[in-house]
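*Asks:* Below are the structure tokens for one structure; questions will follow.
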Amino acid sequence: MEKKKIRTAQSGTEKIIDSMPDMETCFDRADKMKPCPIGHEGACCKNCHMGPCRLVGKDAENTMKGVCGAKLPVVTARYFARMVAAGTACHGDHGRDMAFTLLAVAEGHAKDFQVKDVKKLYRTADILGIEFEGRPVLDVAKDVATKILEDFGRQRGEMNFIKRAPKKTQDRWKKYGIVPRGMDREIAEVMDRTTMGMDADPESILDAALRCSLANGWGGSMISTDVTDILFGTPMPVRAEASLGIFREDEVNIIVHGHEPSLAEMIVEAVSEPELIEYAKSKGAKGINLGGMCCTANEVLMRHGIATAGGFTNQEPAIMTGLIDAFTVDVQCIIPAIVDVAKKFHTKIITSSDKVKIPGAVHIPFDEHIAKDQARQIVRLAIDNYPNRTKKGSFITEKSTMVGGFSHEYIEYMQGGKYRGSFRPLNDAIIAGRVRGVVGLAGCDNPRWPSTGIHRYLATELIKNDVLIVSTGCSSAACGGAGYLTPEMALENAGPGLREVCEAIGIPPILHLGACVDNTRILTIATAMAAEGGLSDEIGGMPAVGIAPEWITEKAVSIGAYFAASGVPVIFGGESPVKASKEVTRILTEVWFERYRGAFVFEPDPEKMLATALDYIDKARAALKLKKYEPGKFTTEKVLMDMTARREMKAAKPHVGL
Ligand code: SF4
Ligand code: MSK
């Protein structure tokens, strides 16, 4: 008998798909649509109408040229750079939208929103050099929004948040000319530079890609994280539930999916309004149940404990439960196929951004001036749709509990309280060898292999090896759905050192930091660790690695690039999209490591991903002269440092840019 193909590591999702063999999902399409082997490895160029050119064959790297004469490394570098530009554009627009909402609030045009975290507003104002003491909150908010918005159209100079990075990290960027000027400028320049007849030097193209990625990490995404915290509150640990079992048979079920949380925040408030609950009851439902998906889920989970139905690959199976009355989407990672699946059930798909229209969906374009009314309209639409539910779905009841809500600020607080919060305990735990290192486990879940499976494998193996994990995006949903985001996970599965640290502080061994844009929380944490002292005095050189084992999107590539430029080696799963060119691969792995102490590595084998991550961590420990990691054997002593290392440490100035 032929062995059944496992589509996902989420047993509930698998059951739902199994129960409806006639329904097509992304898993079926992934089976049918094999990747083009030429484009897949970066050997195809379609940047002009003399092509597309396929640069394949024996010794293609040295012998093949497109019609224009572009050699393979140029074609591959251009492909990589354009992915970075597209990803930066996504996060950049997200940050821009959040900044405009803050401006509208400050100017009194968006009455449904407030500045919920004044402390964070002041902290951000301080970073931006804006006076805040004794001034009305909304005046400060206006100045912050206006200053941040300069980052998008700036033509010369440096983006505002660049100065938050450790001085040494900034010096590297300056030395190699990759300090970003303005968001739109860097994106436009990559597109310009990579068109036919422009830059023909792979290294120069990749420098531009890094500059563009930094406009994301220390620009668009960081703006988004900060402004979202200012408007909706900086997250603190909160319990929530995860998996496709979060839907309720006897309640109106609404999903918020995408990335920008402004409308979702209003829906969170609307579903608790007594009139709407009464209206739901009048239609025969017991109440209204709100859940999230992908990164909009992460945003409302981090701040309100709203349950997550999972990550990217759960979109169609969620509708196949037959229990979703309204599926509201904002921007990014929304697969158009949801409309086709929804047609087979009663689910209404509601698009809310003019950048995301899908024929067959109801379009209610988000307008911050009437946001609460729009949220109520959507909730009513869901309630009105509840009586249309049929019995033809297939649902599960299994779900996991999880803890999310670990912001930079909370992690600092939990290591010393309100007045003595710091990163000292974490640095000490790493120095002592209790914690071997830190891994940022991030990125999408991918239907091309049992989705979420590699996240689960790496999560369990890393914590077993005393590696503290910080997770974001769909990786958090993957770990949450598996039941890994709990303090008990540390007791049962973490290595002895990590377990001791987690028990002492009362945290899970995997800290859910938020959405994809919140990868910037990892940057600010790494910066704080550098400032704390005892480890590296820049982000590069920390025993820290980023892994996106099942990545899908161009955003992921942009994130990986800004981590590499900031000094963190990143490992991406799947076949390399730059495999065709040895030269481009060398630049991403060797040249970037030499220049920035970060690297971009592609590795399809999960066991090798793990080994590579641990190798980077152990080599960083050795370079920092920390004791060799041995499970269960801790020390509070550093091994003796030589004079050069001591001089280097003395010379390092504490960084106060956070
Ligand atoms: Fe071919 Fe050059 Fe045109 Fe690319 S830019 S499609 S390599 S001719
Ligand atoms: S949602 S970018 S599938 S992580 Fe941020 Fe998930 Fe990847 Fe989208």
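The values are calculated or read from the model by the stated rules, or taken from the named source; none is laboratory data. None of these values were measured; they are calculated from a predicted model. Glycine also receives a Cβ, built like all others from the backbone with ideal geometry; neighbour counts cover every protein chain displayed. Just so you know, the surface numbers come from the protein's heavy atoms only, side chains and all, with ligands and any DNA or RNA stripped out. Shrake-Rupley method; radii C 1.70, N 1.55, O 1.52, S 1.80 Å.
*Asks:* No solvent, one uniform scatterer per C-alpha: report log10 I(q)/I(0) for region 1-85 via the Debye equation at q = 0.12, 0.18, 0.27 1/Å, two decimals.
*Replies:* -0.57, -0.77, -1.35
*Asks:* Give, rounded to the nearest 20 debye, the magnitude of the charge dipole that region 350-467 has about its Cα centre when Lys and Arg contribute +1 at Cβ and Asp and Glu contribute -1 at Cβ.
*Replies:* Here region 350-467 has a charge dipole of around 360 debye.
*Asks:* When 1/r is averaged over all different Cα pairs and the result inverted, which Kirkwood radius in Å belongs to region 370-521?
*Replies:* Computed over Cα pairs of region 370-521, the Kirkwood hydrodynamic radius comes out at 17.4 Å.
*Asks:* So what is Rg over Rh here for region 31-154, counting just Cα atoms and using Kirkwood for Rh?
*Replies:* 1.29
*Asks:* Further question on the same structure: Over the chain, with every protein chain in place, what whole percent of the accessible area is carbon and sulfur at 1.4 Å, could you tell me?
*Replies:* Its accessible area is 54 percent carbon and sulfur atoms.
*Asks:* Could you sort D340, D112 by their accessible area in this structure, using a 1.4 Å probe and putting the largest first?
*Replies:* Listed by decreasing accessible area, they come as D340, D112.
*Asks:* Using a 1.4 angstrom probe on the protein heavy atoms only, line up E275, E398, E299 by accessible area, largest first.
*Replies:* Per-residue accessible area, sorted high to low, gives E275, E398, E299.
*Asks:* Please work out the C-alpha center-to-center distance from region 350-389 to region 39-102 and express it in whole Å.
*Replies:* 36 Å
*Asks:* Can you give me the solvent accessible area of K357 with a 1.4 Å probe, rounded to the nearest 10 Å²?
*Replies:* Probe radius 1.4 Å; accessible area of K357 about 130 Å².
*Asks:* Rounded to the nearest 20 Debye, what is the dipole magnitude of region 19-89 about its Cα centre when Lys and Arg each give +1 and Asp and Glu each give -1 at the C-beta?
*Replies:* 440 debye
*Asks:* Relative to the compact globular guide of 2.2 N^0.38 Å, what is the alpha carbon radius of gyration of region 244-388, as a ratio?
*Replies:* 0.92
*Asks:* What accessible area per residue comes out for the chain, rounded to a whole number of Å², with a 1.4 Å probe?
*Replies:* In whole numbers, the chain has 38 Å² accessible per residue.
*Asks:* Right, here's the next one. May I ask you to derive the relative contact order of the chain, considering only C-alpha pairs under 8 Å and at least 6 residues apart, and to give it as an integer percent?
*Replies:* 17 percent
*Asks:* Please list the equivalent ellipsoid semi-axes of region 72-232, computed as the square roots of five times the alpha-carbon gyration tensor eigenvalues, in descending order and whole angstrom.
*Replies:* Ellipsoid semi-axes (Å, largest first): 33, 16, 11.
*Asks:* When 1/r is averaged over all different Cα pairs and the result inverted, which Kirkwood radius in Å belongs to the chain?
*Replies:* In the chain this quantity evaluates to 25.2 Å.
*Asks:* What per residue convex hull volume, in Å³, comes out for region 153-255 when only alpha-carbon positions are used?
*Replies:* Spelled out: Cα convex hull of region 153-255, divided by residues, is 205 Å³.
*Asks:* Further, regarding this structure: What is the Rg over Rh value, at two decimals, for region 318-367, using alpha-carbon atoms and the Kirkwood definition of Rh?
*Replies:* 0.94
*Asks:* Please report, in debye to the nearest 20, how large the charge dipole of the chain is about its Cα centre when each Lys and Arg carries +1 at its beta carbon and each Asp and Glu carries -1 there.
*Replies:* Dipole magnitude for the chain comes out near 1140 debye.
*Asks:* Put +1 on the Cβ of each Lys and Arg and -1 on the Cβ of each Asp and Glu in the chain; which of A482, Q114, L301 then has its Cα farthest toward the positive end of the dipole?
*Replies:* Farthest along the dipole direction, towards plus: A482.
*Asks:* Choose one of V570, Q315, L468: the residue whose Cα lies farthest towards the positive end of the charge dipole of the chain (beta-carbon charges +1 Lys, Arg; -1 Asp, Glu; about the Cα centre).
*Replies:* My answer, from the dipole projection, is V570.
*Asks:* While we're here: For region 406-644, just run the numbers: alpha carbon Rg, then divide by 2.2 N^0.38 Å, N being how many residues it has.
*Replies:* So the Cα radius of gyration is 0.95 times the expected 2.2 N^0.38 Å.
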